[in-house]
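This report refers to the structure that appears directly beneath it.
The values are calculated or read from the model by the stated rules, or taken from the named source; none is laboratory data. Please read these numbers as outputs of a predicted model, since none were measured by experiment. When we count neighbours, we look across all protein chains shown, and the Cβ atoms used for this are built from the backbone with ideal geometry, even at glycine.
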Amino acid sequence: MIDADLAELYGVSTKRLNEQLKRNRSRFPDDFVFQLSKSEKEEVVANCDHLANLKFSNTLPHAFTEHGAIMAATVLNSDAAVEMSVFVVRAFVHLRQAALQSEKLSRKLSEIERRLADHDSDIASLVRAIRNLLNPNPIPVKRRIGFHLDDS
């Protein structure tokens, strides 16, 4: 996100945003913010109509990554920036709680799987016993006791 867009989002001037960036440079490592080169600036101006006023600016704009945009909210004092900082803190707390719930759920699922594994063998033996009852072996023909004449 270009510094002008971020400044507008947070309700401050671009100059104010860049002042805070310079004053708090240790909070903005290279993967949070970087300055565009002249050719990158020209490309951005050519592709983004709302940034046409940057065409005549002598300074090269800064580009903020997602992390840099969040960090900028912590160093600015506008209402929008404070609101964003509070939102981010609440989001992290919510994520931590969700992770804990996920861990509890994972433990419960593992316990259920262990129980079901034991039940599977019990159920399989019950099914075999029921099948044996439904399909009994034929009763062997018993020979009669005593003397018998062959009919042949």
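For region 45-63, how many residues meet the condition of being within 33 Å of the chain's Cα centre (by Cα), surrounded by fewer than 16 Cβ atoms within 10 Å (Cβ to Cβ) and not polar (S, T, N, Q)?
Going through region 45-63 one residue at a time, the tally reaches 2.
Which condition breaks for residue 44 when tested against (1) in contact (Cβ under 8 Å) with a residue 24 or more places away in the chain; (2) aliphatic (A, V, I, L, M); (3) more than 18 Å from residue 8 (Cβ to Cβ)?
Every listed condition holds for residue 44 apart from (3).
Take the residues in region 64-79 that are part of a helix (DSSP H, G or I) and not small (Gly, Ala, Ser), then tell me which one is farthest from the chain's Cα centre (by Cα).
79
Which residue out of 128, 114 is over 30 Å from residue 28 (Cα atoms) and over 34 Å from the mean Cα position of the chain (by Cα)?
128
Could we say that residue 66 is closer than 20 Å to residue 11 by Cα, of a type in the set (D, E, K, R) and surrounded by 10 or more Cβ atoms within 10 Å (Cβ to Cβ) here?
Criteria not met by residue 66.
Specify which of the listed residues (105, 149) is surrounded by fewer than 10 Cβ atoms within 10 Å (Cβ to Cβ) and either among the charged types (D, E, K, R) or without any contact (Cβ under 8 Å) to a residue 24 or more places away in the chain (or both).
Answer to the selection: 149.
For residue 89, indicate whether it is free of Cβ contacts under 8 Å to residues at least 40 places away in the same chain, surrounded by 10 or more Cβ atoms within 10 Å (Cβ to Cβ) and out of contact with any strand residue (DSSP E or B) (no Cβ under 7 Å at 6 or more places or on another chain).
Criteria met by residue 89.
For region 47-76, which residues satisfy the criterion of being modelled with pLDDT of 85 or more and more than 14 Å from residue 2 (Cα to Cα)?
71, 73, 74, 75, 76
Quick check on my filter: what residues within region 6-39 are touching a residue at least 12 places away in the same chain (Cβ under 8 Å), assigned to a helix (DSSP H, G or I) and among the charged types (D, E, K, R)?
16, 23, 27, 38
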